[in-house]
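Q: Following this message is one structure expressed as structure tokens.
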Amino acid sequence: MRTIRTVRELRAHVRQVRAAGRTIGLVPTMGALHDGHLSLVATSVADADETIVSLFVNPRQFGDAGDLEHYPRDEARDAALAADAGAHVLFAPPVDEVYPDGFGTEVRVSGPLTERLEGAHRGAAHFHGVTTVVTKLLNMVQPDVAFFGAKDAQQVLVVRRLVRDLDLPVRIETVATVREDDGLARSSRNLRLSPEDRRTAGSVPRALQAAIDAWSVTDEGADAGPVRDAAVDALHAAGLDPEYVALVDPGTLGDVAALDGPALLAVAVPVGPVRLIDNVLLDRSAPAPRIAPGPVDPTAGVAPLLRTSVPSPTFPTTTTQKG
């Protein structure tokens with residue numbers, strides 16, 4: 001695997017790949033790679049001829065300077081993991097390569113997709129930072145397809161809207177959330193959990209499971225309140241105070257009042273120094289998901305909008321496997 005640090009060198013490499021008639025998959029990351037990232041890399045390797053993993057801790061999407069300062073960084077470890085997973089290139093630019101002196105441009109997606117949930121709690125600047133850096137990475141790499149994790153469901157919706165609105169020639173695919181044995185979603189920030197906080201964090205997937213169990217015994221069209229309340233009660237019972245627990249439409253993020261169609265249950269919960277987010281889709285047309293405990297079906301609970309190789313009902317995509 002080759003490590004590239006400048007846009008000029010990256011574009012020279014991309015020209016060579018294109019001249020050879022090879023397709024390119026991009027896996028954007030901020031490093032501190034875990035099994036969730038590696039599942040994105042593996043999916044890209046299976047889909048595209050060349051996989052480029054970007055490693056860039058984007059300062060513009062951190063509202064909390066302390067969170068940015070403590071975000072885990074270990075490039076040597078990340079490079080070894082990416083190489084072992086089959087990546088061809090690690091693009092690891094310094095900050096001044098992405099945001100050179102005098103940089104003054106920002107890409108924004110406006111409306112409910114960026115104003116609700118994470119936007120409401122982290123501030124609009126968070127998603128402005130995400131959309132700006134994603135636009136830059138897509139322009140730098142010019143991939144055929146880019147891969148994102150379903151844990152960041154709202155981010156996926158925002159990126160799809162960005163790609164649609166700007167007519168960017170890239171396919172966006174999403175890979176199901178990878179979980180620990182107790183159901184906790186893999187996250188780079190999990191490394192900051194103390195042993196005690198890590199045990200407490202297992203209450204987050206258990207709260208999702210409580211909501212799933214409540215939903216599974218309700219009738220179609222029933223009030224959504226008790227399902228949401230099941231998750232809230234489980235979190236409170238564990239001594240956790242969630243920032244939000246929301247049942248929303250999986251395509252628009254509008255509130256769901258009645259269970260008359262698919263609903264995305266999204267949560268954000270501070271545990272110790274770490275803010276955990278997670279989600280699960282409640283959809284009667286698919287198998288009931290099981291988050292914790294027990295084995296997890298990697299496609300259960302992933303919205304059709306988010307499932308790898310399944311077209312979005314709002315922003316259609318197609319999947320072409322290499323070979």
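Q: Can you list the residues, at least 5 places off or on another chain, whose amide H is less than 5 Å from the amide H of D278, using H built in the peptide plane?
A: V267
Q: Nearest 10 degrees, 0 to 90: what angle lies between the long axis of helix 75-84 and the longest principal axis of the chain (Cα atoms)?
A: 90 degrees
Q: Now a separate question. Rolling a 1.4 angstrom probe over the protein heavy atoms, how many square angstrom per residue are accessible across the stretch 22-89?
A: 36 Å²
Q: Also: List every residue whose amide H lies under 5 Å from the amide H of D74, counting only residues 5 or more places away in sequence or on a different chain, with H placed 1.01 Å from N in the peptide plane.
A: Placed amide hydrogens put A32 under 5 Å from D74.
Q: Okay, next question. Considering only C-alpha atoms, what is the centroid distance from the stretch 219-238 to the stretch 172-218, in Å?
A: Each part's Cα centre sits 16 Å from the other's.
Q: Tell me, what HN-Hα J-couplings in whole Hz come from the Karplus equation 6.51 cos²θ - 1.76 cosθ + 1.60 at θ = phi - 60° for each residue of the stretch 52-65, using x for Gly and Pro?
A: Running phi through 6.51 cos²θ - 1.76 cosθ + 1.60 with θ = phi - 60° gives 10, 9, 8, 10, 8, 7, 7, x, 7, 10, 9, x, 9, 4 Hz.
Q: What accessible area per residue comes out for the stretch 206-247, rounded to a whole number of Å², with a 1.4 Å probe?
A: Dividing the accessible area of the stretch 206-247 by its residue count gives 46 Å².
Q: What fraction, in whole percent, of alpha-carbon pairs in the chain exceed 39 Å separation?
A: 10 percent
Q: Can you give me the distance in nm between label points at D197 and S216, each placed 7 Å from the Cα along the Cα-to-Cβ direction?
A: A separation of 3.2 nm, rounded to one decimal place.
Q: With everything on Cα atoms, drop me the angle between helix 124-141 and the longest principal axis of the chain, reported from 0 to 90° to the nearest 10.
A: 40 degrees
Q: How many angstrom lie between the Cα centre of the stretch 57-80 and the Cα centre of the stretch 132-163?
A: 18 Å
Q: Another question, if that's okay. If contacts are Cα pairs under 8 angstrom and at least 6 residues apart, what is the relative contact order of the chain in percent?
A: 17 percent
The values are calculated or read from the model by the stated rules, or taken from the named source; none is laboratory data. Fair warning: this is a prediction, and the values are worked out from it, not measured in the lab. Here Cβ is always computed from backbone atoms with ideal geometry, including for glycine, and neighbour counts include all displayed protein chains. Just so you know, the surface numbers come from the protein's heavy atoms only, side chains and all, with ligands and any DNA or RNA stripped out. Shrake-Rupley method; radii C 1.70, N 1.55, O 1.52, S 1.80 Å.
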